[in-house]
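Report on the following structure.
The values are calculated or read from the model by the stated rules, or taken from the named source; none is laboratory data. Worth saying up front: this structure is predicted, and the values here are computed from it rather than measured. FYI the Cβ positions are ideal-geometry reconstructions off the backbone, even for glycines, and counts take in every protein chain you see.
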Amino acid sequence: MIELEHVTKKYGSITALSDVSFRAENRRTVGLLGRNGAGKTTALNLMTGYMPPDSGRVLVDGMDMMTHARECKRRIGYLPERPPLYDEMTVREYLNFVCDLKEVVRKDRKAHTDEITEMCALTDVRDRLIGHLSKGYRQRVGIAQALCGNPELIILDEPTVGLDPMQVVEIREMIRELGKDHTVLFSSHILTEVQQLCSTAVILNVGRMIRTVDLTGEGSDTVTLRVSVAGKPKDILPGVRSIEGIRKTETLSSGDPGVTELRLTCAKKTTRGRVTDQLFHLFAAMDAPIRMLAPEADSLEDVFLHATEREDDVP
Amino acid sequence: MKTIWKKELQSYFYTPVGYVFIGVFLLISSVMFFVAVLQQHSGDLPSFIGEMSYLWMLLCPVLTMRLLAEERQKGTEQLLLTSPVSLGGIVLGKYLAAVTVLMIMTAMTGLYAVTVAIYGTIFPAELLVSYTGFILQGCAFAALDLFMSGCAATPVTAAVMAFGANFLFWILDLLAGQIHVEAIEKAIVFLSLYRRNEPFLMGQLSFAGIIYDLCFIAAFLALTVYRLNSRRYRKAR
């Protein structure tokens, strides 16, 4: 578990982080969201002990990073924004070097690096010079480096930036795998990425922490459906309102008078299936074709935009 | 510390730096050997070593420029600083790697002594003392230049700053004769790395010299650690 406790960090007159507190529980994947310059990298640099905070504390498994730096750092694997690679080394030499740094026992080193190389799909290039590798491979070597020494906590700074779409998918898949038995914390400005991979999102804006969003949906029991039906609202709505299990009905503007767009909130997750069935039968009976019917994820985008806009208004 | 030492030593010989350092040193010192010893039919190795020690000033910056500045430039220092290694360990590991290359090179100059031994006579004790002074002086310059590498943002500026610092120490000697204020003159003579080396070249094992050089090294290594640590506190990106 890693925790920031009322952390403030200034660079000269610029406040990069101001009184930020949050924690990443064990075996959780936490996404740090924010626009460029929001303080994401600073937060990660503080958490990994690269820089000390001006005030507040960084706690790793309850130990203070300032006083137990060695113990704390041993538990963390970090991929900074720019992967810290030595171009003149081969992948194998580099991973051996990192293992030595992370105090991996000599006799376990070979098995350990083999496992990591396998996991990061680097087996083919392990004897090539890092300087000759493509960006996607370099990123993977960077992640491999963070896994050396088998740390419980993996911290990644914008791991998918600058990669092509296939590589992005691969890296995300890797993060998902890692999340199964590690605590993973990564920063990103891509909302869908955070939504897909994380159980918690922490939103930062100009150095302040705005809110923490629970993405597992465990907290709330409601579920939202988006429906688009060919038919006028006045014909559609009475029928929809009569369906049991719908707590709230909102009409959205569809831009086409012949099409009705609705956002329906179901009272319980368990009733979602039944509500969907009933909608289908209802619209079929009305001879109103369904254009779209989909569950709406608790939109992180809305939360994010709303949160950061509101902050911008503050002078 | 050992890990860093090993890595730096490897990178000296994976990149041209190690070879350039040793090669250029041997090239220049061979010419000096030819002119000062062979052509003169002289067996005076200590004064030759004294002349050779001026090469430290020129070549130590090449040896140390990458050590810290490149880590900073390439962002690899983030790996080192977030690993369970102390700053002292990092600095010492890097310093010892530079010293190792310096020692390898010094061992190679043993060839000159062998040449003289074949065609003339050498005095082993005297030679050993001269070499002690020679190596200590090299180590002192390496520490000073490593500190410069810790201050600079790129290897090139590190090298330029290190040249500057080295020349400053050399110029101290010239100044010493020109300033007629006794206190200042004494202070300069006290600080001068070259003056400290003179007894060694005359075959005297100078404890004051040894202790001064060791203190000089320790001071600059400590300053380097201090410098790296203070930069962590006020890093701007």
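Quick look at the numbers
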{"quantity": "Strands (runs of 3 or more DSSP E) lying entirely in region A:1-94 (those with 3 or more residues that are without any contact (Cβ under 8 Å) to a residue 60 or more places away in the chain)", "calculated": "A:2-11, A:55-60"}
{"quantity": "Of the criteria (1) more than 10 Å from chain B (Cβ to nearest Cβ); (2) surrounded by fewer than 17 Cβ atoms within 10 Å (Cβ to Cβ); (3) over 23 Å from A:LYS180 (Cβ atoms), which one A:GLU25 fails", "calculated": "(3)"}
{"quantity": "Check on A:GLY149, closer than 26 Å to A:ASP114 by Cα and assigned to a loop (DSSP other than H, G, I, E, B)", "calculated": "yes"}
{"quantity": "Residue within region B:212-235 that is of a type in the set (D, E, K, R), assigned to a helix (DSSP H, G or I) and within 14 Å of chain A (Cβ to nearest Cβ) present", "calculated": "yes"}
{"quantity": "Among (1) touching a Cys at 6+ places or on another chain (Cβ under 8 Å); (2) within 23 Å of A:GLU25 (Cα to Cα); (3) at the interface with chain B (Cβ under 8 Å from one of its Cβ atoms) - the single one A:VAL60 does not satisfy", "calculated": "(3)"}
{"quantity": "A:GLU296 being at pLDDT 85 or above, under 30 Å from A:ILE190 (Cα atoms) and surrounded by 12 or more Cβ atoms within 10 Å (Cβ to Cβ)", "calculated": "no"}
{"quantity": "Region B:5-17, residues that are more than 8 Å from chain A (Cβ to nearest Cβ), surrounded by 15 or more Cβ atoms within 10 Å (Cβ to Cβ) and farther than 13 Å from B:VAL99 by Cβ", "calculated": "B:VAL17"}
{"quantity": "Every residue from region A:38-92 that is basic (Lys, Arg), surrounded by fewer than 23 Cβ atoms within 10 Å (Cβ to Cβ) and under 20 Å from the mean Cα position of the chain (by Cα)", "calculated": "A:ARG82"}
{"quantity": "Residue list for region A:98-107, restricted to those being free of Cβ contacts under 8 Å to residues at least 12 places away in the same chain and within 18 Å of A:ARG126 (Cα to Cα)", "calculated": "A:ASP100"}
{"quantity": "Enumeration of residues in region B:154-205 that are touching a residue at least 12 places away in the same chain (Cβ under 8 Å), part of a loop (DSSP other than H, G, I, E, B) and either touching a Cys at 6+ places or on another chain (Cβ under 9 Å) or on the phi < 0 side of the Ramachandran plot (or both)", "calculated": "B:THR154, B:SER192, B:MET202, B:GLN204, B:LEU205"}
{"quantity": "Within region B:120-133, tally of residues that are surrounded by fewer than 22 Cβ atoms within 10 Å (Cβ to Cβ), under 13 Å from B:SER206 (Cα atoms) and not β-branched (Val, Ile, Thr)", "calculated": "3"}
{"quantity": "Residue list for region B:70-85, restricted to those being touching a helix residue (DSSP H, G or I) at 6+ places or on another chain (Cβ under 6 Å) and outside any loop (DSSP other than H, G, I, E, B)", "calculated": "B:GLU70, B:GLU71, B:GLU77, B:LEU80"}
{"quantity": "Among (1) out of contact with any strand residue (DSSP E or B) (no Cβ under 8 Å at 6 or more places or on another chain); (2) at the interface with chain A (Cβ under 10 Å from one of its Cβ atoms); (3) in a helix (DSSP H, G or I), the one test that B:LEU55 misses", "calculated": "(2)"}
{"quantity": "Restricting region A:102-137 to residues that are over 18 Å from A:ILE76 (Cα atoms) and of a type in the set (Val, Ile, Thr), the residue that is surrounded by the fewest Cβ atoms within 10 Å (Cβ to Cβ)", "calculated": "A:THR123"}
{"quantity": "Within region A:88-98, tally of residues that are more than 8 Å from chain B (Cβ to nearest Cβ) and either charged (D, E, K, R) or in contact with a Ser or Thr (Cβ under 6 Å, 6 or more places away or on another chain) (or both)", "calculated": "2"}
{"quantity": "Test: residue in region B:18-32 that is within 14 Å of chain A (Cβ to nearest Cβ) and at pLDDT 90 or above", "calculated": "yes"}
